[in-house]
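A short worksheet on the structure shown next.
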Amino acid sequence: MLTVKKGAVALVAALAVFSGALGILCGGISSAQAKSAPVIVIDAGHGGIDAGVRGRNSGVKESDINLAISRELAGYFKSAGFGAVLTRKSQAGLYGLPTKGFKLRDMKKRRDIINECGADMVISVHQNFYSDYSRRGAQVFFDKGSESGKELALCIQNSLNSMEGAVKKNSPLIGDYYMLECTESPSVIVECGFLSNAQDEELLISADYQKEIAYAIFAGAVTYFT
């Protein structure tokens, strides 16, 4: 359970959306440019033949956990009045045919979705794996050239660190990843835990924990807008 009260976060979210709408009105932006609420792109990493890493004990696909958490995250944003767009809505990848170069096609398709919907924020959901099976905990990454990305990463990392089940207070890290470099919008990669660690794996395959960590990501993202 999070230390942040859900009602309080919902109120902050509503205020953030209202403030954005008020800024549009006061700034004289044309109706063609105006958006009723910030648009959040939620990117469930991997998919299709690209399963990502697998649980060391359960064999669960990273891609399946990414999708489950992303769906929960989208639901929280929509309930708070934000626009929420999923790059990947099913277990399939975004590459078309599974032929040579599928990974690059998949990544470019995600970039196109981000650009086409005019994303105000991008959150890419992943799971970690490491040879040291004792490593645990959620970790947020941002692009070194993005101050807004760094601030977003800090907000989300602080929220993840505040979870009762957080085993380590991590700090956000610089990451050299395509999903962080393909947009000028604030963007982060959230590694929700280590599928190489038995305790993290047990949590991450739980539907209740998937909802809890999705809410922690959402709560952190909302604080960025304030």
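Where a number appears in this text, it was derived from the coordinates with a stated rule and is not lab data. Computed from a predicted structure; not experimentally measured. Please note: Cβ atoms are built from the backbone with ideal geometry, for glycine as well, and neighbour counts cover all protein chains shown.
Brief remarks follow.
- Close lysine pairs were tallied over segment 6-225: pairs 8 or more places apart or on different chains with Cα atoms under 15 Å apart number 6.
- Contour minus Cα-Cα distance for Glu184 and Ser79 (0.36 nm per residue): 35.2 nm
- Label zone of Glu147 (point 7 Å out along Cα→Cβ, amide N under 17 Å): in segment 162-195 this covers 184-187.
- Segment 110-179 - charge dipole about Cα centre, Lys and Arg +1 at Cβ, Asp and Glu -1, debye rounded to 20: 340 debye
- FRET E, pair Asp208, Tyr133, Förster distance 25 Å, beta-carbon r, rounded to 0.05: 0.60
- Counting DSSP beta bridges with both ends in segment 6-225, the antiparallel % (nearest 5): 25 percent
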